[in-house]
Structure formats: structure tokens, C-alpha cells
Amino acid sequence: MRRALTAVLGAVTLLLAMLVAGALPASAAPTTLKEAAAAKGIVFGTAAAQSHMGESAYVNTLNREFNQLTPENEMKWETTEPSRNSFSYGAADQLVSHARSQGMAVRGHTLVWHSQLPDWVEGISSRTELLDVMNNHISNVAGHFQGDIEYWDVVNEAFQDGSGARRDTVFQRVIGDDYIEQAFRAARQADPGAELCYNDYNIDGRNAKSDAVYAMVQDFKARGVPIDCVGLQAHLIVGSLPGDIQANIQRFADLGVNVYITELDIRMQTPPDSSKLAQQAADYRAVTSACLAVPRCKGITVWGVTDKYSWVPDVFEGEGAALLFDDAYAKKPAYDATLEALGGTPGDGDGDGDGDGDGDNDGTVTCTYTRTAQWNNGFNGQVTITAGSGAVSSWTAVLTMNSGQDLQAIWNGSPTENGDVITVKPVGWNSSLAPGASASFGFTVSAPGGNVADPALTCSTP
Ligand code: G3I
């Protein structure tokens, strides 16, 4: 017995000695968003669209970085119940099953919303009928996904900006103020295991609208209406964050509900440049830190995997570049800042510190665009890519054309076209660059409609 004890003590002493001497690796700091977030006890998710799931870079980035998924459009009323009492779940089912296969949590989005609502619902004018229709929708949709959804956005965007009054929707007009609590009760019945959230935009800091949501949640908690969480969408603007996000999260948490940042993106005027990207990085860091500072803030979800497919440029002309990965799926400064705020270490574990996972020690590149010729219906452009203080083995430039423009010719670059987005790789001989060295490629754009505006440009390694 004593001999056995001595042996165990000896082994423990040896292990401790090795640890002190650094002979065993200390556990490495996480290098992906999901690992870093998990270590802090929160989820880090993204909106995802089934229509992009055939693109390998999209799926690889989604699977590598995120442990929570919100279907961007696939669970909305117009998709799930396009005609009365006829339900369809195809695209949503595919996303849920992908999420499940990857161990991702799923946020259901959304059961009751005035937008992406089919016309047949808009046409109902009797309270009893609309209540029946709403409850039937909730019980079918939340019932269908029951067991697969961690959190439901039960009601979305029910308040107006500015005043904080209720938004004038068919639900508000026809059912009245109690439609929100009725929706939460129906959702609890349909899926008792899901956290039930109220979700809205412009409620990220304290203002009249977030005050109104706060009052509603306080009232629901006091009266036993089943609400578990509040979603702050956080569609934000670079350099213009509310200063009191953390205090706002805290006051909701103090009501006894969880808080999620549900649709985070931070947009800028395009094209991006290094100072806007640096400000964006600081802004992402601030939002992440605000969530981490409040124990009941349980997750952050960005509204899209890549700038390439963000909703922002479709709605805000001239704005975009709002997410963590650029059009070519390269990590932006905001990615590194978010990862650092989560306690992770930018890089990919291959030891070269450049974050691209290929272990080739690539440095960074910057790029410039010059218009070299112009005529009525077209122009020539030249892009120059310059290595920073480290050598690079290869580079990628992404040009986003404007409407009505078409790439006619390109030289010294190898293009892949996807709609307006042209990804250009080296042709071979101009691939590797010594520190500070440059490579250029040129191209001709035809613009039959006369729109000769410059394309947007980003670049990355490899
Ligand atoms: O699927 C059709 C396609 O068949 C058609 O050719 C094309 C032509 O415009 O439209 C496609 O539908 C678009 C759909 O996204 C899918 O891409 C709609 O026009 C477009 O309006 C819709 O936009 C969505 C928007 O909600 C609708 O309000 C965005 O993708 C989605 O990101 C956005 O998400 C909302 C959240 O649900 C709630 N909070 C705000 C957030 C941003 O607006």
C-alpha cells in the first residue's frame, strides 16, 4: 500500500516538475470565435442562408468559426406559411439539420413580424380570426422545430423608433396591445424547451424605444407572461455606437431575462480603407466586451458570414463591409479584435501568426486602384498589390463592379467571376512578393449604360 502511494506521489511530483519546466504544453489560447466564446460561456453565431450552402468557402467559414446559426430568411412567415394553413419547411429544415450536424445551437427567426408577411395575413380584419391565425402559425412552426431550437425570436420589431410607441402593424391594429403576450403564450405551449425572446433594432443603447421594450418586459415578468430573453439586433454604424450598450444590457438582465446580441453588423461607407477598418475593429471589440461584462448576456450573433452576401448594400446605398469576413472570406481587423475581446489569439495555430492556416508565414498586403484610361462606355483600371514588412507567397484581390458594368479583359491576373464580384489571383510569376515589393494587374471594364464609377477593391493573402 505504502509502495503504491509512494509511486503515485512520485508520478505527481514528476508531472508538476514537467509543468513548471514547460515540458508539457499549456493549453493553447483559442484561435476561432466559437472556441473563444465557448471558453467564456457564451455562443458566437451567425445568420446563414440556405442559398449559399453550396459554396465551400461559405460553409467552411461557417463551420470553423460559429457555434450558433440563425436562418436569415427561411423561417419567416412568407416562407413557412405562404398560404393559409399550408406549411413548408424545406430550406429551414436543411439549415437546422446542418447546424445540428455541426453541434451548433439554432435561433428561430421569427414567428411574428410585420415584414415578409404574406398578403393573406395582411387582409384579416377580425381580432378572433387573426388571433387564431397567429396562434395556429406559432403552434405549427414552433411545433415543427420543437427540440431543435434553443431560442425563438417570438415577436420581432414591434416598436417604433423615436417615440417607442407600438408599430402600426396588422397584429397591433386588429388584435391590439395583447398580441405580443398572446404570441409568447402560444410559443411556450408549442415548444416549452426553447428560450423565448423579444427581438428589435435600435434598442442597443438606452432610448425611448428601448425604454418601451424595457417596460414591456418588466410588465411581462410581473404578470407571469412567459418571456426569457431580449434580442438586441445591433445593426450599427462604424464610429457611432451608443455609449451605453453595457448599461442597457445590464438593465434588461436585472429584470431576470437573458440578453443576446442577435444581428450584429457594423456598416461603413464603402469602399473600406484602413482607418475605417480600424474603427470597425474597435467597435466590434466594444460590443463584444459589453456583452462579456454582463453574465446574463449569453451570446453574440453576427448578421452574415461574409460581406459578400450582407443585406446592408441592398438597403443602404453606398454602405457595407459590415461583417467580420470580407468578400473573399479573409479575416478583417474586426475579426481579430472580436477574437481578442473573447480571450482568443488571432492566428490559426500553425505558428506563423498570419491567420490563414497554411503555415507559410505570409505577411499582409495593401492594394491601390488607378484608372488608367476612360471613354464613354468603359474604362481601364490597374490594381497594385504591395507586400508589407513580411514576404507573401500569394495574394487575392476582390473587385466589386457597379451595376451595368462588365469585365471585358484582364491581364497579369486570373479572374473568377461571381455576379458583380470578381476575385483575382496571380497568374503565377507575379504570385510571391518580397517584403515591400509590388505586383500589378490591369483590366478593361465595359459600361454600356455609361456608369463608369470605380469598382470597390479589397485584397488579402494568400
Ligand atoms: O429570394 C428572392 C429572390 O428569389 C429574388 O430574386 C430576389 C430579388 O430581390 O429577392 C429574394 O428575396 C430577398 C430575400 O432577402 C432573400 O435574399 C428579398 O428581396 C429581400 O428583401 C430579403 O431581405 C432580407 C430582409 O431581412 C427582409 O426584410 C434580408 O436577406 C435579411 O438579412 C433581413 O434580415 C432582417 C431581419 O430578419 C430582422 N432584422 C433586420 C434584418 C436586416 O434587414
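Yes/no matrix, rows are residues, columns are (1) over 30 Å from H114 (Cβ atoms); (2) modelled with pLDDT of 95 or more:
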site	(1), (2)
A11	yes, no
L19	yes, no
T32	yes, yes
A38	yes, yes
G41	yes, yes
A48	no, yes
E65	yes, yes
P71	no, yes
E74	no, yes
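Where residues in the range 94-111 are open to solvent by 40 Å² or more (accessible area, probe 1.4 Å) and in a loop (DSSP other than H, G, I, E, B), which of them is nearest to the ligand (Cβ to nearest atom)? Walk me through it before giving the result.
Kept after step one, since they are open to solvent by 40 Å² or more (accessible area, probe 1.4 Å), are these residues of the range 94-111: 94, 97, 100-103.
Retained after the next criterion (residues that are in a loop (DSSP other than H, G, I, E, B)): 102-103.
Working: Q102: 21, G103: 24 Å.
Step by step, filter the range 94-111, then rank; the result is Q102.
Looking at the range 334-342, can you tell me whether even one residue there is over 18 Å from the mean Cα position of the chain (by Cα), at pLDDT 95 or above, more than 16 Å from the ligand (Cβ to nearest atom) and surrounded by fewer than 20 Cβ atoms within 10 Å (Cβ to Cβ)? Scanning the range 334-342 turns up no residue that is over 18 Å from the mean Cα position of the chain (by Cα), at pLDDT 95 or above, more than 16 Å from the ligand (Cβ to nearest atom) and surrounded by fewer than 20 Cβ atoms within 10 Å (Cβ to Cβ). A residue that is crowded, with 16+ Cβ neighbours inside 10 Å, within 13 Å of the ligand (Cβ to nearest atom) and in a loop (DSSP other than H, G, I, E, B) can be found somewhere in the range 48-66.
In the condition set (1) crowded, with 21+ Cβ neighbours inside 10 Å; (2) within 19 Å of E340 (Cα to Cα), L292 is compliant with all but (1).
When only residues in the range 142-174 that are hydroxyl-bearing (S, T, Y) and over 12 Å from H109 (Cβ atoms) count, which is surrounded by the most Cβ atoms within 10 Å (Cβ to Cβ)?
T169
Could you please find all residues in the range 417-448 being part of a loop (DSSP other than H, G, I, E, B), in contact (Cβ under 8 Å) with a residue 60 or more places away in the chain and among the small types (G, A, S)? The answer is A447, and nothing else.
Might you let me know whether the range 229-243 holds any residue that is among the hydroxyl-bearing types (S, T, Y) and open to solvent by less than 30 Å² (accessible area, probe 1.4 Å)?
So in the range 229-243, the residues among the hydroxyl-bearing types (S, T, Y) come out as 240.
So of that shortlist, the ones also open to solvent by less than 30 Å² (accessible area, probe 1.4 Å) come out as none.
For the range 229-243, residues among the hydroxyl-bearing types (S, T, Y) and open to solvent by less than 30 Å² (accessible area, probe 1.4 Å): absent.
Return a yes/no flag: does the range 382-399 have any residue that is surrounded by fewer than 16 Cβ atoms within 10 Å (Cβ to Cβ) and within 30 Å of L33 (Cβ to Cβ). Yes: one or more hits.
Return yes when G193 is in contact (Cβ under 8 Å) with a residue 40 or more places away in the chain, surrounded by fewer than 18 Cβ atoms within 10 Å (Cβ to Cβ) and either more than 16 Å from the ligand (Cβ to nearest atom) or charged (D, E, K, R) (or both) and no when it is not. Talk me through it step by step, then tell me what you get.
On the way: in contact (Cβ under 8 Å) with a residue 40 or more places away in the chain: yes; surrounded by fewer than 18 Cβ atoms within 10 Å (Cβ to Cβ): yes; either more than 16 Å from the ligand (Cβ to nearest atom) or charged (D, E, K, R) (or both): yes.
In short, yes.
Each residue in the range 255-281 was checked for being without any contact (Cβ under 8 Å) to a residue 40 or more places away in the chain and among the polar types (S, T, N, Q), and 1 of them qualify. Checking each residue of the range 73-87 against the condition of being touching a Lys or Arg at 6+ places or on another chain (Cβ under 7 Å), under 24 Å from P192 (Cα atoms) and within 16 Å of the ligand (Cβ to nearest atom) gives no match.
Between A447, A409, A397, A387, the distinction of being of a type outside the set (K, R), modelled with pLDDT under 90 and not assigned by TED's automatic domain parsing to the domain that holds Y284 belongs to A387 only. List the residue pairs whose Cβ atoms are under 6 Å apart, where the first residue sits in the range 112-124 and is surrounded by 12 or more Cβ atoms within 10 Å (Cβ to Cβ), the second is among the basic types (K, R), and the two are 6 or more positions apart or on different chains. Here the result reads Q116/K76; W120/R84, each pair linking the range 112-124 to a residue that is among the basic types (K, R). Scanning the range 317-348 for residues that are out of contact with any Pro (no Cβ under 9 Å at 6 or more places or on another chain), under 15 Å from T61 (Cα atoms) and assigned by TED's automatic domain parsing to the domain that holds S274 gives L323, L324, F325, D327, A328, Y329, A330.
The residue of the range 230-252 that is farthest from G299 (Cα to Cα), among those that are more than 16 Å from the ligand (Cβ to nearest atom) and touching a strand residue (DSSP E or B) at 6+ places or on another chain (Cβ under 6 Å), is V238.
The values are calculated or read from the model by the stated rules, or taken from the named source; none is laboratory data. What you see is a predicted model; the values in this text were computed from it and never measured. Every residue, glycine as well, gets a Cβ built from its backbone with ideal geometry; the counts of neighbours run over all protein chains shown. Only protein heavy atoms, including side chains, enter the accessible area calculation; ligands, DNA and RNA are left aside. Shrake-Rupley method; radii C 1.70, N 1.55, O 1.52, S 1.80 Å.
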